[in-house]
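Report on the structure given below.
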Amino acid sequence: MKKRWLAEHIMFFWIYAVIGWFYEVTLETVIYRWGFSNRGVLFGPWLPVYGFGATVFLILWYRLIIGKTLKRKILMIPVIFLLTMATATLIELITSYLCEWTIGSWPWQTYADYAINFQARIALSPSIRFGIGGVIFLYVIQPLLDRLACKMKDKTLYITAAVIVVVLSADLAYTVFLR
C-alpha cells in the first residue's frame, strides 16, 4: 500500500511539474509576450517547485475535500484557496532563499515591480494565482489523476514511477555537473 502511494505521488509530482512548466511558458510567451525560454532550472520541461507544491497540497489539504459531499466541497473552496495560496507562497519564499544560497539568485523574475511584494521574492498577485491553481489542482485535476492511477496496474505504476525518478535524476545530474 505504501509502495503504491509513493509511486502514485511520484507520478503526480512529475505531472504537476510538467503542468507548472507549461503554465510558466504560456505566461511568458502568450500572456506577457516576452518570447520563449525554458522556465525550469532543469533541462527538461518540468518545474520541480510546482511538483513539490502540488504534492504538499495533496498531503496537507486534499483530505479536507476528498470523499466529502458536494455541498461541503463547495463550502471548502475559500478555505482551500487560502491554504494553497499561503502554502505555495511560503514554498516560493523558502525556495528563493535556498536558490540564492546555493546558486546565487532565484531563477524567476523578481517581483520588485509588483505593488504588494516582500523583498521582491513573493507578491500578492502570483500568490492569488497560486491559490486559484491550488483549487484547480485539488478540485479538477487531482480527481482525474486519482481515477487514472486507480486504473493502473501496480507493475505499470511502479515502472512509470521508476522511469520518472531515473529521468529526473539524470536531468538533475546533467544540470548540476555538465551544464
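Quick one: how many lysine pairs does the chain have with C-alpha atoms less than 22 Å apart and a gap of 8 or more or different chains? Give me the count, please. Within the chain, the lysine pair count is 7.
Peptides 114-121, 57-64, ordered by how many other C-beta atoms sit within 10 Å of their residues on average, highest first, read 57-64, 114-121. Compute the Cα gyration tensor for the stretch 2-163, then decide on rounded, prolate or oblate, letting a ≥ b ≥ c be the square roots of its eigenvalues: rounded whenever a/c is under 1.5, prolate when a/b is larger than b/c in the other cases, and oblate in all that remain. Since a/c reaches 1.5 but b/c is at least a/b, the shape of the stretch 2-163 is classed as oblate. Given +1 at the Cβ of Lys and Arg, -1 at the Cβ of Asp and Glu and no other charges, the dipole of the chain around its Cα centre is 880 debye to the nearest 20.
As a test of the formula, what do you get for the chain when each DSSP H run with n ≥ 4 contributes -39,500 (n - 2.57) and the sum is divided by the residue count, at 222 nm and rounded to the nearest 500 deg cm²/dmol?
Details: 6 runs with 115 residues, N = 179.
Helices in the chain give a 222 nm mean residue ellipticity of -22000 deg cm²/dmol.
I need the shape label for the stretch 83-172. Rule: rounded when a/c is under 1.5, else prolate if a/b > b/c, else oblate, with a, b, c from the alpha carbon gyration tensor.
oblate
Net charge within 15 Å of Met152 by Cβ-Cβ distance, Lys/Arg positive one each and Asp/Glu negative one each, not counting Met152 itself? Spelling it out: positives minus negatives among the neighbours equals +3.
Taking 8 Å as the Cα distance limit and 6 or more residues as the minimum spacing, I'd like the relative contact order of the chain as a percentage.
Rounded, it is 26 percent for the chain.
Only the coordinates and a few stated rules stand behind these numbers; no lab work does. Everything numeric here is computed off the predicted structure, so don't read it as measured data. Positions of Cβ are backbone-derived with ideal geometry, glycine not excepted, and every protein chain shown enters the neighbour counts.
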